[in-house]
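What follows is a single structure, written as structure tokens, with notes after it.
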Amino acid sequence: MSDQDLRSWYMTYVAALEGRQLDQMDQFVAEEVTLNGHPGRRSDVVADMRSILDAVPDMHWEVQEVLVDRDRLAVRAINTGTPEKEWLGVAPTGKSFEIVEYAIYQVRDGRFVQMTNLHDSADVRRQLTSS
């Protein structure tokens, strides 16, 4: 894929997340994938996404930057939401959060084969529990 094609493909992936179309993840995630440095399966990715969306139904990913280097993507996104169930060890309080997520991906044959996502969980907990 060209750099522009990879960017467009990634934005289609984000649109599927935003549309809660987790049944379409087979179009984006390889059956075998490395997740944050550990071997995993597409079903693990989907289960993790389901757990996030179950706890934070209004989760939103706003992509700020996408950098492409051959088969790799680096992404900076702003994540926002209001948990309705316990998430990251915090009971729902009605408070919302806004954090920066950094993600690094490797794509092969049109699917993620490596996915690494980083965000400051301590900052999320602080936002959700501050008075």
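The values are calculated or read from the model by the stated rules, or taken from the named source; none is laboratory data. Predicted, not measured: the structure shown is a model, and the values here were computed from it. Positions of Cβ are backbone-derived with ideal geometry, glycine not excepted, and every protein chain shown enters the neighbour counts.
Some observations on this one:
- Residue in region 45-52 that is of a type outside the set (D, E, K, R), more than 13 Å from the chain's Cα centre (by Cα), surrounded by 12 or more Cβ atoms within 10 Å (Cβ to Cβ) and at pLDDT 95 or above present: no
- Only strands (runs of 3 or more DSSP E) whose full extent lies in region 1-109 are considered here, and the ones with at least 3 residues that are out of contact with any Ser or Thr (no Cβ under 8 Å at 6 or more places or on another chain) and either aromatic (Phe, Trp, Tyr) or over 27 Å from ALA122 (Cα atoms) (or both) are 29-35, 60-69, 97-108.
- Count of region 110-131 residues which are in a strand (DSSP E or B) and either surrounded by 13 or more Cβ atoms within 10 Å (Cβ to Cβ) or in contact with a helix residue (DSSP H, G or I) (Cβ under 8 Å, 6 or more places away or on another chain) (or both): 8
- Selection count where residues are loosely packed, with under 13 Cβ neighbours inside 10 Å and of a type in the set (A, V, I, L, M), scope region 53-79: 1
- Where a residue in region 101-120 is within 14 Å of ALA74 (Cα to Cα) and its partner, wherever it lies, is among the acidic types (Asp, Glu) and surrounded by 15 or more Cβ atoms within 10 Å (Cβ to Cβ), with Cβ under 8 Å and at least six apart: ASN117/GLU101; LEU118/GLU101; HIS119/GLU101
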